[in-house]
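The values are calculated or read from the model by the stated rules, or taken from the named source; none is laboratory data. What you are looking at is a predicted structure, and each value in this text was computed from that prediction instead of being measured. Neighbour counts run over all protein chains shown; Cβ positions are idealised from the backbone, glycine included.
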Amino acid sequence: MRYSTLLVHLKLGVSNEGLLKITGDLAERFEANVIGVTVCKESSQVYLTMLPQYTIQGDDEDLVTIDRQSTERMISEAEQQFRTALASRSRSLHWRSTITSNSRSQYVARQARAADILITSPVFDGPFVDQRQELSVGDIVMYAGRPVLLVPPNVQSMNLDTIMIGWKDTRESRRAIADALPLLALAKKVVVVEIASARDLPDAKRHVTEVIGWLQGHEIAAESYIEAFKKTEWNQLEGIARETGAGLFVAGAYGHTRLREWMIGGVTEDLLLHPRRPTLISH
């Protein structure tokens, strides 16, 4: 089991160091090809006047031209980061980029047609976010048709010794665990976790036992962790992840794109937008 092609989405104007290190580690493990992609929204003159990083060098300078040149320079720098970091770590490298007035999330998601998994970072909040290149994680998961690996900021490596699966008996969970098989095969320990109401605990135990049996059919040993719902599902999952030492979390995502209400069986958006460890999600 392997991923033959990885797709990594880079942000502009930042180092992407951790993201590229993890991509390189996976490329070496799977002897994979890697596609790098970046995208930025085309700016308007009105928006440009609000950006302090742009400096007018003369009365005749065209703000849009200045912005496009700056963006193209950042795209070139991102491509150089990509090629320098991964040149000796992958079978082959390919680069895709665009400046567009259309959906950036859908542009990135469409590139996943050529890959087995999409690797990116979650959305960053704060007053200094460049809204032209921020993407909707929900849209990417919905449209990619591939598993999405979210790498938190400042994470430099992904420990695959222990992988935790957040299980719910849903189509999305079944899709996620199948998409994660190449990573699960690398783990020393796989923990399948389900949090259920006291009334549903017997069903949860039966479901998880069958999931573990399915994994064994793929020569992946796993153990169960069933817990009654106590407070918030997210806090319980995070506590189990710390207790088991999980370096990767796997779960299915479902939601309504119109409302941007993304959940994993009741887990809050913190898991998608602010993961505390690398997180693989599928829709």
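Which residue is nearest to Ala112 (Cα to Cα), if the candidates are limited to region 1-31 and must be of a type in the set (Gly, Ala, Ser) and under 18 Å from the mean Cα position of the chain (by Cα)? Step through it out loud before you land on a result.
At the first step, the residues of region 1-31 found to be of a type in the set (Gly, Ala, Ser) are 4, 13, 15, 18, 24, 27.
The next check asks that each one be under 18 Å from the mean Cα position of the chain (by Cα); those that pass are 4, 15, 18, 24, 27.
Details: Ser4: 13, Ser15: 23, Gly18: 21, Gly24: 18, Ala27: 16 Å.
Checked region 1-31; the qualifying residue nearest to Ala112 (Cα to Cα) is Ser4.
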(message) Can you say whether Arg89 is on the phi < 0 side of the Ramachandran plot and surrounded by 15 or more Cβ atoms within 10 Å (Cβ to Cβ), as far as the supplied structure shows?
(response) yes
(message) Can you report the number of residues in region 178-202 which are part of a strand (DSSP E or B) and among the aliphatic types (A, V, I, L, M)?
(response) 6
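If you go through region 237-245 one residue at a time, do you hit one that is closer than 18 Å to Val192 by Cβ, at pLDDT below 80 and in a helix (DSSP H, G or I)?
Going through region 237-245, the residues closer than 18 Å to Val192 by Cβ turn out to be 237-245.
Add one more test, that the residue is at pLDDT below 80, and what stays is none.
No.
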(message) Taking the conditions exactly as written (more than 30 Å from Val14 (Cβ to Cβ) and in a loop (DSSP other than H, G, I, E, B)), does Lys205 satisfy them or not?
(response) no
(message) Among the residues of region 11-20, what is the count of those that are in contact with a helix residue (DSSP H, G or I) (Cβ under 7 Å, 6 or more places away or on another chain) and modelled with pLDDT of 95 or more?
(response) 1
(request) Scan region 215-246 for residues that are surrounded by fewer than 16 Cβ atoms within 10 Å (Cβ to Cβ), under 20 Å from Ala187 (Cβ atoms) and touching a residue at least 24 places away in the same chain (Cβ under 8 Å) and jot them down. (result) His218, Glu219, Ala221, Glu223, Gly245
(message) When you scan region 155-177, do you find a residue that is surrounded by fewer than 20 Cβ atoms within 10 Å (Cβ to Cβ), out of contact with any Asp or Glu (no Cβ under 6 Å at 6 or more places or on another chain) and free of Cβ contacts under 8 Å to residues at least 60 places away in the same chain, even just one?
(response) yes
(request) Find the residue count for region 190-215, including only residues that are closer than 30 Å to Asn16 by Cβ and of a type outside the set (A, V, I, L, M). (result) 0
(request) Report the residue count in region 151-166 for those that are modelled with pLDDT under 95 and in a strand (DSSP E or B). (result) 1
